[in-house]
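Student: Have a look at this one.
The values are calculated or read from the model by the stated rules, or taken from the named source; none is laboratory data. Since we're looking at a predicted model, the values are computed, not measured. In this analysis, Cβ positions are derived from the backbone assuming ideal geometry, glycine residues included, and neighbour counts consider all displayed protein chains. The area values use the complete protein model at the heavy-atom level, side chains included, leaving out ligands, DNA and RNA. Shrake-Rupley method; radii C 1.70, N 1.55, O 1.52, S 1.80 Å.
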Amino acid sequence: MSTGIPEAPGTRATGWRHYFNRKMLICVMLGFTSGLPLFLLYNLLSAWLKSEQVDLKSIGLFALVGFPYTWKFIWSPLMDRFHFPLLGRRRGWMFITQLALLAAIGSLGFFAPQDELTMIVVLAGTVAFLSASQDIVIDAYRRELLSEHEQGSGTALFVNAYKMSTLVPGSLSLILSDFMSWQMVFGITGLFMLPGMITTLMISEPTLYGEPPRTLREAVVLPFREFVTRSGWSQALLILAFIFLYKLGDSMATALATPFYMDLGFSRTQIGLVAKNAGLWASLAGGILGAVWLEKTGVNRGLWIFGVLQAVAILGFALLAQTGVGTPGAEPSTMLLGLVIGLEAFAVGLGTAAFTGYIATTTDQRYTATQFALFTSLAAVPRTFFNALTGFIVDQTGWFVFFLICFALAIPGMLLLPKIAPWNTKAGKSVAG
């Protein structure tokens, strides 16, 4: 199969074949299996704890189990340096982490939140570590699989499949929890790692560009040296600041989404059917539009346009909070909830696609796993540490003011775009090869 070798101008796929081919299908399947563990931790886990009468502050602190996502660059050099003899460097690491995730997710339901919360924290942290490790190698594989002109469209499909995976822990599993034990729910949820495992066994290793690290020291030192010396310290720091800030606002806004919907008065079944499925068609539309849009306009303009849309989506949550929380006699509107969730799924999905595409074009293909892990680790800092404070912020301000704060936090990252991704440059400057 084709493995990311840059095509000659005359061989580039056109029309629908550019978006519906084997490489794009691989992006979809790996996006789904990459997103499932994360959304389990931030959607299903919070709903489980809420239903078992764990307080909101403790639920918010569970965001700290995402600690591995912010430090995955530490062990990413191991995935650049070492490989498995049968499956190869990328596929071997993918399969091992996916198999371990299936077992860890299925084990969660064997513990009771009221009596064994510490054990649940440990197990959730294990899921986060395995999920972060899977992300390292999947991100590297996708970067090496796709040619330069495919990064935007392939990443858009990957991200929207990533987002769509929330329908399992955030919809199906919630509905099942109304009819069966949590032990069964987590067992069934874990089985949804199987499609990713089958995909890993069916695909082949991507083509390497340049010499991969020959020693562990090279795997650790060279990726960081290359990034800093590429354009100097000042540009490197600007890039890191942008990666930290761009998704800060929308990440915090969705940190306690499920408890927020429950506070509005919706049942878990309603949340599963209305709140989550409302985002399905919006995600599909966003995936198609994002793939086409990024291919036509480039990653840079996508960061501008989609960044505005994802910030506006936060105001939808503020509107929902204003009309549905704390108003005597007010009934929560399922239609408004569906519209808000649909906007969030559409806009944030697009913003994430452009953002991840930007990160991909900022990596050197010789050190894909390590540099990609460094950038995505920094992007995960808000989700882990700032999101851990969301329960305390809501407790002090209420939902409406909380979402206004999240909107304000979305602005600083946008202000860096003229330096990071100039509007008149169609695509981010590639450093590959």
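Student: Please give the per residue accessible area of the stretch 65-138, computed with a probe of 1.4 Å over protein heavy atoms only, in Å².
Tutor: I get 40 Å² per residue for the stretch 65-138.
Student: What number results when the radius of gyration of the stretch 14-142, computed over Cα atoms, is divided by 2.2 N^0.38 Å?
Tutor: 1.22
Student: Taking the full set of protein chains and a 1.4 angstrom probe, give the accessible area of THR297 in square angstrom, rounded to the nearest 10.
Tutor: My reading of the accessible area for THR297 is about 30 Å².
Student: Rolling a 1.4 angstrom probe over the protein heavy atoms, how many square angstrom per residue are accessible across the stretch 192-261?
Tutor: 45 Å²
Student: Can I ask one more? Would you mind putting 366-372, 300-306, 334-340, 255-261 in packing order, based on average other-beta-carbon counts within 10 Å, highest first?
Tutor: So the order, starting with the most tightly packed, is 366-372, 255-261, 300-306, 334-340.
Student: List the relative contact order of the chain as a percent without decimals, with contacts defined as Cα pairs under 8 Å and 6+ residues apart.
Tutor: 28 percent
Student: Moving to a separate point now. Is there a quick way to get the dipole size of the stretch 144-247? I mean about its Cα centre, with the Cβ of Lys and Arg at +1 and of Asp and Glu at -1; what is the value in debye to the nearest 20?
Tutor: The calculation lands at about 300 debye.
Student: Another question, if that's okay. Got a sec to turn the phi values of the stretch 30-42 into Karplus ³J(HN,Hα) couplings, 6.51 cos²θ - 1.76 cosθ + 1.60 with θ = phi - 60°, whole Hz, x for Gly and Pro?
Tutor: Whole-Hz 3J(HN,Hα) from phi for the stretch 30-42: 6, x, 5, 6, 6, x, 3, x, 5, 5, 4, 5, 9.
Student: Could you tell me the ratio Rg/Rh of the chain? Both radii from Cα atoms, Rh via Kirkwood.
Tutor: Rounded to two decimals, Rg/Rh equals 0.95.
Student: Here is a follow-up. Could you work out what % of the accessible surface of the stretch 78-224 is carbon and sulfur, using a 1.4 angstrom probe and leaving DNA, RNA and ligands out of the count?
Tutor: Solvent-exposed carbon and sulfur of the stretch 78-224 make up 73 percent of the total.
Student: Here's another thing I want to ask about it. I'd like to check one number: the per residue accessible area of the stretch 305-423, probe 1.4 Å, reported in Å² as a whole number.
Tutor: Counting only protein heavy atoms, the per-residue value for the stretch 305-423 is 36 Å².
Student: If the viscosity is 1.306 mPa s and the temperature 10 °C, what Stokes-Einstein diffusion coefficient in µm²/s follows for the stretch 117-262 when Rh is the Kirkwood radius over Cα pairs?
Tutor: My calculation gives 83 µm²/s for D.
Student: Could you check the simple spin-label distance between THR118 and LEU78, using points 7 Å along Cα→Cβ, in nm with one decimal?
Tutor: 2.6 nm
Student: Hey, another quick one. Which length gain, in nm to one decimal place, applies between SER58 and LEU25 when the Cα-Cα distance is subtracted from 0.36 nm times their residue separation?
Tutor: 8.0 nm
Student: To the nearest 20 debye, what charge dipole does the chain have about its Cα centre, counting +1 at the Cβ of each Lys and Arg and -1 at the Cβ of each Asp and Glu?
Tutor: Roughly 1160 debye, rounded to the nearest 20.
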